Amino acid sequence: MTFSIVGRDPATGDLGVAVASKFLAVGALVPFARSGVGAVATQSYVNPNFGPDGLRLLAEGLGPEEVSAQFQAEDATIHQRQFGIVGADGRSVTYSGAVCHAWAGGFAGPDVAIQGNILTGPEVVDAVLGAWEAGTGRPLPHRLLGALRAGDAAGGDRRGRQSAALLCVGPGRGYGGLTDDWVNLRADDHADPCAEAERLLGIHDLLFGRPETTEELDEDGRRWLRALLIRQDYASSLPGGEWDPESEAAAWALFGTENLEERWVPGGRFDPVALAYLRERFGE
């Protein structure tokens, strides 16, 4: 009762799953991913063990086709199941059991597996695939979510909408560069869950994105930021002129309060994305 896309970015090795359904909190059951190993979507009378078991088997050296064969051999109700798997090397498989509710089917190719059941028709899978192919070069979370939204626009789950989720992993992509867990966003019960997932991804990009460029504030910029820091009670007074340690400490405290620490650059240079956010939030 779900449609999903499992994908890999061949340029970076990032892996992920995007999924939507007329089902409460679909992200709790369908998507699984492990950096350097693979990603799995398990759905349609879901066997949630396919997620961790599939990742374990991939880590042990089995390919997606071999994992699929093992699932089919060991699950007595496999004819009701549906899943997609993409390995860390880009090999993929999709499986739809013979008694999945119509319309059910999918597509598997290099770096991608798409699958869905109780869809309005095959046009949903076609739309997901078309958007995936058109999104080459985009960061994986945006590419996956763009493909999911295309499937939703093409009809999606014919019962309606309720939840969506996006899960992505990549080497050092996590908070502070300390983990591989990158994006884990869910719209558990929403009238337009794919749009809500896109809104959440925009917030994620702002708060957890890392600076692509930096800039040094000119005199007017330093004056504005120091005035903001005083106005927001991060300092009672600050010196003028060149950037100084007292201003640095106050600015760091502001960035922490606003959850912008991933965009912090020490030494008086600043991420323009963070500055734009602060100007919009607090005004000039």
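Residue count for region 152-180 satisfying the condition of being open to solvent by 30 Å² or more (accessible area, probe 1.4 Å), within 21 Å of ASP89 (Cα to Cα) and either in contact with a helix residue (DSSP H, G or I) (Cβ under 6 Å, 6 or more places away or on another chain) or of a type in the set (Ser, Thr, Tyr) (or both): 1.
Among the residues of region 215-242, those that are open to solvent by 30 Å² or more (accessible area, probe 1.4 Å), over 15 Å from LEU278 (Cβ atoms) and in contact with a Ser or Thr (Cβ under 9 Å, 6 or more places away or on another chain) comprise LEU238, PRO239. In region 185-197, of all residues being touching a helix residue (DSSP H, G or I) at 6+ places or on another chain (Cβ under 6 Å) and open to solvent by 40 Å² or more (accessible area, probe 1.4 Å), the one that is nearest to LEU148 (Cα to Cα) corresponds to ARG186. Each residue in region 101-145 was checked for being among the polar types (S, T, N, Q), part of a loop (DSSP other than H, G, I, E, B) and either closer than 21 Å to SER68 by Cα or in contact with a Cys (Cβ under 8 Å, 6 or more places away or on another chain) (or both), and 1 of them qualify. When region 30-74 is limited to residues that are closer than 18 Å to TRP182 by Cβ and part of a loop (DSSP other than H, G, I, E, B), the one that is least open to solvent (accessible area, probe 1.4 Å) turns out to be VAL30.
For beta carbons closer than 7 Å, sequence separation of 6+ or different chains, a first residue in region 47-62 that is in contact (Cβ under 8 Å) with a residue 12 or more places away in the chain and a second that is of a type in the set (Gly, Ala, Ser), the qualifying pairs are LEU55/GLY38; LEU58/GLY38; LEU58/GLY87.
For region 218-253, a residue qualifies if it is in contact with a helix residue (DSSP H, G or I) (Cβ under 6 Å, 6 or more places away or on another chain) and under 21 Å from LEU207 (Cβ atoms), and the qualifying residues are LEU228, LEU229, TYR234, ALA250. Restricting region 88-124 to residues that are among the aromatic types (Phe, Trp, Tyr) and surrounded by fewer than 20 Cβ atoms within 10 Å (Cβ to Cβ), the residue that is nearest to GLY13 (Cα to Cα) is PHE107.
Just one of the listed residues (GLU246, GLU212, GLU262) is of a type outside the set (Lys, Arg), exposed (fewer than 14 other Cβ atoms within 10 Å of the Cβ) and either outside any helix (DSSP H, G or I) or modelled with pLDDT of 95 or more (or both), and it is GLU212.
For HIS190, the criteria (1) within 30 Å of PRO122 (Cα to Cα); (2) touching a residue at least 60 places away in the same chain (Cβ under 8 Å); (3) touching a strand residue (DSSP E or B) at 6+ places or on another chain (Cβ under 8 Å) hold in every case but one, which is (2). Only one entry in THR12, THR77, THR2 is surrounded by fewer than 22 Cβ atoms within 10 Å (Cβ to Cβ), under 19 Å from the mean Cα position of the chain (by Cα) and among the polar types (S, T, N, Q), namely THR12. In this structure, does LEU166 turn out to be part of a helix (DSSP H, G or I) and under 17 Å from VAL40 (Cβ atoms)? Answer is no for this residue.
The values are calculated or read from the model by the stated rules, or taken from the named source; none is laboratory data. Please read all numbers here as calculations on a predicted model, not as lab measurements. Neighbour counts run over all protein chains shown; Cβ positions are idealised from the backbone, glycine included. Note: areas computed on protein heavy atoms with side chains; ligands, DNA, RNA excluded. Shrake-Rupley method; radii C 1.70, N 1.55, O 1.52, S 1.80 Å.
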